[in-house]
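The values are calculated or read from the model by the stated rules, or taken from the named source; none is laboratory data. None of the values given here were measured: they were computed from a predicted structure. Every residue, glycine as well, gets a Cβ built from its backbone with ideal geometry; the counts of neighbours run over all protein chains shown. Ligands, DNA and RNA are excluded from the accessible area calculation, which covers all protein heavy atoms including side chains. Shrake-Rupley method; radii C 1.70, N 1.55, O 1.52, S 1.80 Å.
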Amino acid sequence: MAVFTEVTPDQAAGLLRPLGLGELIELGGCPGGIENTNYFASVRAPSGERHEYVLTLFERLGFEQLPFYLYLMQHLAAKGIPVPNPAPDASGNILHRLNGKPAAVVNKLRGHSELAPQPAHCAQLGTLLARMHLAALDYPRQQPNLRGLAWWNETAPLVLPHLAPEQADLLRSELALQNTLAQQARYQALPRGPVHADLFRDNALFEGGELTGVFDFYFAGCDIWLFDLGVCLNDWCIDLASGQPDAARSHALLTAYQNLRPLSAAEHELLPLLLRAAALRFWLSRLWDWYLPRDAAMLVPHDPTHFERVLCARVAHA
């Protein structure tokens, strides 16, 4: 867990009360996550029932960026997609302030993360990913993927001095490949819209083997749908020890996705390059967190070598 900004029970209660959620019973830090400050809040509703919420203080995203994420979640929830729904105040505002930071309160989804997914889990994820892409087509707000190609180009020079020569060569060559691809008409014509962009296995919940929801939309943005699919394939369908793709899980996820949204011929052709793009994105962000860490209580950055292995495997299978 990462706690950048400490929140006391009295401070949390002061935020929850105007939202009409009830009285705070218990407050505790959320395990996992390295971007924002997250707390679980147990609340006794006016009816006497106990409800669970997640209180998030945003450490990098500002007030001007956050409406895109929060209203996207609200939009998807209204269409029946199982995602957290931000709690509004009496005026309908879903972006709040606590301890000088932007804050939001969302309902806590039930279930647990399946950290060793099987093909059946991957198939359910593929179906939900396609549903999310289609449901967000009419979402009116626009915001680019803030961890997209522009961020890769800005971040690579910061981490290159920390890399071994062969790692630096890999990073430079893959970044050059993605910059070239981004200029091509076939890439620019790919279907796009709001994407999650961080839908790892620990950002989804299951109960009794059934997918109950997905969360953590704070890397979302408007981007190529195929990139979002690549992010999922690079986590849900990868052997963690070797970084090698798992054929059965990949087939299950892709088949389920295409049952709702079949890929075009151009998407089939470019999928290997978008898999490399997705691996590059997370290798870069983990290198950045590893070599240029921020101060936070209990912050443990992810090992970047995992996505280096995934990228090398995707290059080898290109």
Item to check | Residues located in segment 268-283, provided they are under 24 Å from Leu163 (Cβ atoms) and aliphatic (A, V, I, L, M) | outcome: Leu273, Leu274, Leu275, Ala277, Ala278, Ala279, Leu280
Checklist entry - So Leu211 clears everything in (1) over 21 Å from Pro84 (Cα atoms); (2) open to solvent by 10 Å² or more (accessible area, probe 1.4 Å); (3) touching a helix residue (DSSP H, G or I) at 6+ places or on another chain (Cβ under 6 Å); (4) not in a helix (DSSP H, G or I) except one condition, right? Which one? => result (1)
Checklist entry - In this structure, is Leu177 open to solvent by 30 Å² or more (accessible area, probe 1.4 Å) and not in a helix (DSSP H, G or I)? => result no
Next on the checklist: For segment 228-249, give me the residue count where each residue is assigned to a helix (DSSP H, G or I) and surrounded by fewer than 20 Cβ atoms within 10 Å (Cβ to Cβ).
Outcome noted: 2
Checklist entry - If you go through segment 282-305 one residue at a time, do you hit one that is of a type in the set (Ser, Thr, Tyr) and at pLDDT 95 or above? => result yes
Item to check | Considering residues of segment 55-99 that are in a helix (DSSP H, G or I) and open to solvent by less than 10 Å² (accessible area, probe 1.4 Å) only, the residue farthest from His196 (Cα to Cα) | outcome: Leu66
Next on the checklist: Checking the structure you have, find out if any residue of segment 34-51 is out of contact with any Phe, Trp or Tyr (no Cβ under 6 Å at 6 or more places or on another chain), touching a residue at least 60 places away in the same chain (Cβ under 8 Å), closer than 29 Å to Leu137 by Cβ and surrounded by 14 or more Cβ atoms within 10 Å (Cβ to Cβ).
Outcome noted: yes
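Whether any residue in segment 140-152 is in contact with a helix residue (DSSP H, G or I) (Cβ under 7 Å, 6 or more places away or on another chain) and over 29 Å from Arg249 (Cβ atoms) is what I want to check.
Looking through segment 140-152, at least one residue is in contact with a helix residue (DSSP H, G or I) (Cβ under 7 Å, 6 or more places away or on another chain) and over 29 Å from Arg249 (Cβ atoms).
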Next on the checklist: Condition first: among the hydrophobic types (A, V, I, L, M, F, W, C) and in a loop (DSSP other than H, G, I, E, B). Now tell me which residues in segment 15-54 satisfy that.
Outcome noted: Leu21, Cys30, Ile34, Ala45
Checklist entry - For residues in segment 269-296 being outside any loop (DSSP other than H, G, I, E, B) and open to solvent by 60 Å² or more (accessible area, probe 1.4 Å), which is nearest to Pro119 (Cα to Cα)? => result Glu269
Item to check | Output for segment 77-132, where each listed residue is touching a Ser or Thr at 6+ places or on another chain (Cβ under 8 Å), charged (D, E, K, R) and closer than 25 Å to Trp225 by Cβ | outcome: none
Item to check | Long-range neighbours under 6 Å by Cβ, at least six apart or interchain, first residue farther than 18 Å from Leu284 by Cα within segment 165-193, second aliphatic (A, V, I, L, M) and exposed (fewer than 11 other Cβ atoms within 10 Å of the Cβ) | outcome: Gly193/Leu137
Checklist entry - Restricting attention to segment 259-268, and to residues there that are in contact (Cβ under 8 Å) with a residue 24 or more places away in the chain and part of a helix (DSSP H, G or I), which single residue is surrounded by the most Cβ atoms within 10 Å (Cβ to Cβ)? => result Glu267
Next on the checklist: Given the criteria part of a strand (DSSP E or B), of a type in the set (Phe, Trp, Tyr), within 28 Å of Gly28 (Cα to Cα) and modelled with pLDDT of 95 or more, does Phe217 qualify?
Outcome noted: no
Checklist entry - Which one of Leu292, Leu233 is of a type in the set (A, V, I, L, M) and free of Cβ contacts under 8 Å to residues at least 60 places away in the same chain? => result Leu233
Item to check | Filtered residues of segment 133-156 (kept if open to solvent by less than 30 Å² (accessible area, probe 1.4 Å), in a loop (DSSP other than H, G, I, E, B) and under 17 Å from Leu226 (Cα atoms)) | outcome: Ala136, Asn145, Arg147, Gly148
